[in-house]
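The values are calculated or read from the model by the stated rules, or taken from the named source; none is laboratory data. Remember, predicted model here, so these are calculated numbers, not experimental data. Cβ placement follows ideal geometry from the backbone for every residue including glycine, while neighbour counts extend to all protein chains displayed. Accessible surface areas use protein heavy atoms only, side chains included; no ligands, DNA or RNA. Shrake-Rupley method; radii C 1.70, N 1.55, O 1.52, S 1.80 Å.
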Amino acid sequence: MSEDFKQLVNIAFFKFVKQLNDTPAKRRKYKERAISGSLKCIVCRSQEEFVGTEGLATHVFTSQEIGLRSRHLGFHKALCALMGWKSAEKPNVTWSPEKLSDVENLTLKEDLILWPPVVIIHNSTIGNKSPDQQVIISIEEFETKLREMGFGDKTKVYRGKPANQSVLVVEFAGRLSGLQEAERLHKVYAGNDHGRAELLRINQNGETVSAPVNNMENILYGYLGIAEDLDKLDFDAKRRRVVKSRKAIKDIAEASIKTQ
Ligand SMILES: [Zn+2]
């Protein structure tokens, strides 16, 4: 594969990762039909129906249709990333789904970040059934908190969805320094056991946050936004965002430092 062609495959890959993660319903459609059910190809838009995501991923990998090759291969990679499968790297070989290990899967998912970078902040009290146990945190209060923590100069804070009190989004500049700041904030939450994994655990266990809830540290959970978090943003914020590889951003930055 030439470098130019690889580049085209990558562009298509990031575009399709964004498209597949646009809504939970889209993700479900492919996940629930892994090996059965019928799916059509969104690249060549033929009427042909494929058996499950597996059949579709095979079609997009093997299709030789001229002019659609890079988009087909990009869609193949995006489907594999969604399903946690190894994607075929070399054209003209056979492909059958093989599961990524948990570590590989997590590494891949965490590499596919939203850009410009964002940190997603969850207010864990909003899930409480009784309203008197819900603690509303305003954008202004959280901005003050961010400044106290040493962030906030070049950030923008908004609600993930206007009517939803449970998600705040901290947006950073779309350059390496912005990513580094976002990662620093991500690490603050992870270091306090208030990251993505801990939030997932309390949600799964249906735990509620215990007192004192007047302390923002106890209430809030935060993590760097990845492609899977797209649906936590409203229409406009979603539209303004693309998916990028965190590793590629760092590699490019390092390479440019070396050549200086
Ligand atoms: Zn196709």
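Name the residues in region 1-32 that are under 19 Å from Ala248 (Cβ atoms), touching a residue at least 12 places away in the same chain (Cβ under 8 Å) and among the basic types (Lys, Arg), would you? Once the filter is applied, which keeps residues that are under 19 Å from Ala248 (Cβ atoms), touching a residue at least 12 places away in the same chain (Cβ under 8 Å) and among the basic types (Lys, Arg), region 1-32 yields Lys15, Lys18. Is region 109-124 home to any residue that is modelled with pLDDT under 95 and either among the β-branched types (Val, Ile, Thr) or open to solvent by 50 Å² or more (accessible area, probe 1.4 Å) (or both)? No, that holds for no residue.
Beta carbons closer than 7 Å, at least 6 apart along the sequence or on distinct chains, pair a first residue in region 48-66 that is open to solvent by 30 Å² or more (accessible area, probe 1.4 Å) with a second that is more than 11 Å from the ligand (Cβ to nearest atom) and part of a loop (DSSP other than H, G, I, E, B) for Val51/Ser36; Glu54/Ala34; Glu54/Ile35; Glu54/Pro97; Thr58/Trp95. Val188 meets each of the listed conditions (1) within 30 Å of Lys26 (Cα to Cα); (2) at pLDDT 95 or above apart from (1). Among residues that are open to solvent by 30 Å² or more (accessible area, probe 1.4 Å) and either among the hydrophobic types (A, V, I, L, M, F, W, C) or modelled with pLDDT of 95 or more (or both), Val93 is included. In the list Ile120, Ile137, Ile126, which residue meets the criterion of being outside any loop (DSSP other than H, G, I, E, B), away from the ligand (no atom under 16 Å from the Cβ), within 19 Å of Val157 (Cβ to Cβ) and among the aliphatic types (A, V, I, L, M)? The match here is Ile120.
Only residues that are among the basic types (Lys, Arg) and more than 17 Å from Ala227 (Cα to Cα): list them for region 1-38, please. Answer for region 1-38, where residues must be among the basic types (Lys, Arg) and more than 17 Å from Ala227 (Cα to Cα): Lys6, Arg33. Restricting the search to helices (runs of 4 or more DSSP H) fully inside region 1-97 and requiring at least 3 residues that are within 14 Å of the ligand (Cβ to nearest atom) gives 52-62, 69-83. Based on what the data block shows, is Lys156 touching a residue at least 40 places away in the same chain (Cβ under 8 Å) and of a type in the set (Lys, Arg)? Here the answer is no, as Lys156 does not meet what is asked. Looking at the structure I just gave you, is Asn214 more than 30 Å from Asn10 (Cα to Cα), among the polar types (S, T, N, Q), in the same structural domain as Lys161 (by TED's automatic domain parsing) and at pLDDT 90 or above? The answer is no for Asn214. For region 187-196, filtered to residues that are touching a helix residue (DSSP H, G or I) at 6+ places or on another chain (Cβ under 9 Å) and not aromatic (Phe, Trp, Tyr), the residue that is farthest from Leu146 (Cα to Cα) is Arg196.
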